Amino acid sequence: MLHWDRDPHRRYNPLNQEWVLISPHRTQRPWQGQVEAAAPDGQPAYDPDCYLCPGNSRAGGARNPKYTSTFVFDNDYAAVLPDTPIERFDEGGLLIAENEPGVSRVICFSPRHDLTTPRMEVAALRLVVDTWIAQFEELGAIPWINHVQIFENRGAMMGCSNPHPHCQVWATRTIPDRPIREHKAQGEYLRTKGGCLLCDYLALERARGERIVCENEAFAALVPFWAVWPFETMVLPKRHIASMEQMEDAERDGLAGILKRLTARYDNLFSTPFPYSMGFHQRPTDGQPHPEWHLHSHYLPPLLRSATVRKFMVGYELLATPQRDITPETAAARLRECPEVI
Ligand SMILES: [Zn+2]
Ligand SMILES: [Zn+2]
Ligand SMILES: [Zn+2]
């Protein structure tokens with residue numbers, strides 16, 4: 001009998017085929033580590049020094065239009081560039097390098113400098129969802145683009161240099177490491193079990209209930225059984241869809257709604273704007289239908305026990321396998337207790 005609420009144990013992540021070590025008996029240990037500065041509260045609606053606010057000029061000289069909804073532009077300091085020639089270097093199978101052409105863009109959620117996801121209206125968040133879909137379709141249609149990564153870094157703790165709510169899209173010729181692992185795992189599962197890994201997983205979680213944070217008609221938010229970060233969550237559509245443009249109208253509203261509710265719970269957990277990296281995983285854009293793929297997003301927040309105490313990935317985690325103290329069940333229960341409005 002495995003007592004996962006008290007005994008050290010490890011759990012398997014079937015999506016990326018890694019293990020996480022869980023040490024529930026350690027949650028009482030005193031914290032003597034680093035304490036972060038609390039995130040500043042209260043941003044102005046417009047900041048004349050913000051390079052993302054409407055009408056302001058950006059580094060590099062471009063000036064933002066006086067936009068009134070979402071706003072998309074090519075990153076002034078792009079990590080990947082579309083005109084990179086495709087070259088490969090291989091010496092003895094040990095020194096391997098290849099060029100990575102791509103497109104890198106920034107998406108501002110709204111003209112408002114101060115309106116974070118939990119404070120936006122669902123109708124305004126729906127415009128963000130529509131913009132994500134439009135970018136996925138536009139960049140995915142480029143013949144040499146095979147992966148479109150949409151992601152958001154929120155908060156200085158996650159290295160986000162500007163509080164104006166925005167996210168990024170990096171679209172590349174190759175499928176990066178994390179999505180390719182999930183791609184292989186879902187393909188293997190479909191071949192051996194004849195079904196979808198995440199449809200089966202979601203059915204199990206909804207039957208058990210203990211790790212579900214919140215749900216609506218179209219989506220569920222849960223703390224994965226194998227979560228690594230203390231309050232890590234996944235958001236999954238209840239219907240089997242491989243990518244975001246396959247969402248029906250009501251599902252697009254459903255995604256906007258659940259993102260608002262989940263991020264409000266996060267902000268209420270430690271009464272602070274909750275830092276995180278979030279992003280979507282979905283099918284490659286190589287023109288194939290990819291029935292093995294189930295669209296989802298991951299929220300990876302670093303905070304552990306307060307607005308100023310974060311989890312570090314160090315030592316054993318860097319050299320062996322990720323480890324956590326608070327169980328995913330406890331984390332889900334804590335998030336369920338948080339109000340959905342701020
Ligand atoms: Zn701004
Ligand atoms: Zn599925
Ligand atoms: Zn994923």
Would you confirm whether or not region 63-74 contains a residue that is free of Cβ contacts under 8 Å to residues at least 60 places away in the same chain, out of contact with any Asp or Glu (no Cβ under 6 Å at 6 or more places or on another chain), under 19 Å from Ala171 (Cβ atoms) and away from ligand 1 (no atom under 16 Å from the Cβ)?
yes
Under 6 Å by Cβ, and 6 or more places apart or on different chains, what pairs join a residue from region 106-120 that is away from ligand 3 (no atom under 16 Å from the Cβ) with one that is among the basic types (Lys, Arg) and open to solvent by 40 Å² or more (accessible area, probe 1.4 Å)?
Pro118/Lys260
Under 9 Å by Cβ, and 6 or more places apart or on different chains, what pairs join a residue from region 24-43 that is modelled with pLDDT of 75 or more with one that is open to solvent by 100 Å² or more (accessible area, probe 1.4 Å) and more than 16 Å from ligand 3 (Cβ to nearest atom)?
Pro24/Asp5; Pro24/Arg6; His25/Arg6
Being buried (at least 20 other Cβ atoms within 10 Å of the Cβ) and in a strand (DSSP E or B) is the filter here; which residues of region 188-219 pass it?
Val213, Cys214, Phe219
Could you list all residues from region 135-161 that are among the small types (Gly, Ala, Ser) and either open to solvent by less than 50 Å² (accessible area, probe 1.4 Å) or not in a helix (DSSP H, G or I) (or both)?
Gly140, Ala141, Gly155, Gly159, Ser161
What are the residue pairs meeting all of these: first residue in region 173-190, first residue under 19 Å from Tyr201 (Cβ atoms) and within 16 Å of ligand 1 (Cβ to nearest atom), second residue in a loop (DSSP other than H, G, I, E, B) and at pLDDT below 95, Cβ atoms under 7 Å, and 6 or more apart or on different chains?
none
Considering region 7-24 alone, what residues qualify as being closer than 16 Å to Leu319 by Cα and among the aromatic types (Phe, Trp, Tyr)?
Trp19
Here is a list: Glu329, Glu251, Glu340. Which entry is of a type in the set (D, E, K, R), more than 16 Å from ligand 1 (Cβ to nearest atom), more than 30 Å from Pro30 (Cβ to Cβ) and in a helix (DSSP H, G or I)?
Glu251
Go through region 54-92 and give me each residue that's over 19 Å from Ser104 (Cα atoms) and open to solvent by less than 60 Å² (accessible area, probe 1.4 Å).
Pro54, Gly55, Asn56, Tyr67, Ser69
Would you confirm, using the coordinates I've provided, whether Glu182 is surrounded by fewer than 17 Cβ atoms within 10 Å (Cβ to Cβ) and either modelled with pLDDT under 95 or of a type outside the set (Ser, Thr, Tyr) (or both)?
no
Among the residues of region 232-284, the number that are farther than 30 Å from Ala37 by Cβ, within 16 Å of ligand 3 (Cβ to nearest atom) and either open to solvent by 10 Å² or more (accessible area, probe 1.4 Å) or touching a Gly at 6+ places or on another chain (Cβ under 9 Å) (or both) is 6
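The values are calculated or read from the model by the stated rules, or taken from the named source; none is laboratory data. Everything numeric in this text was worked out from a predicted model, so none of it was measured. Note that we place each Cβ from the backbone using ideal geometry, even for glycine, and neighbour counts take in every protein chain shown. Ligands, DNA and RNA are excluded from the accessible area calculation, which covers all protein heavy atoms including side chains. Shrake-Rupley method; radii C 1.70, N 1.55, O 1.52, S 1.80 Å.
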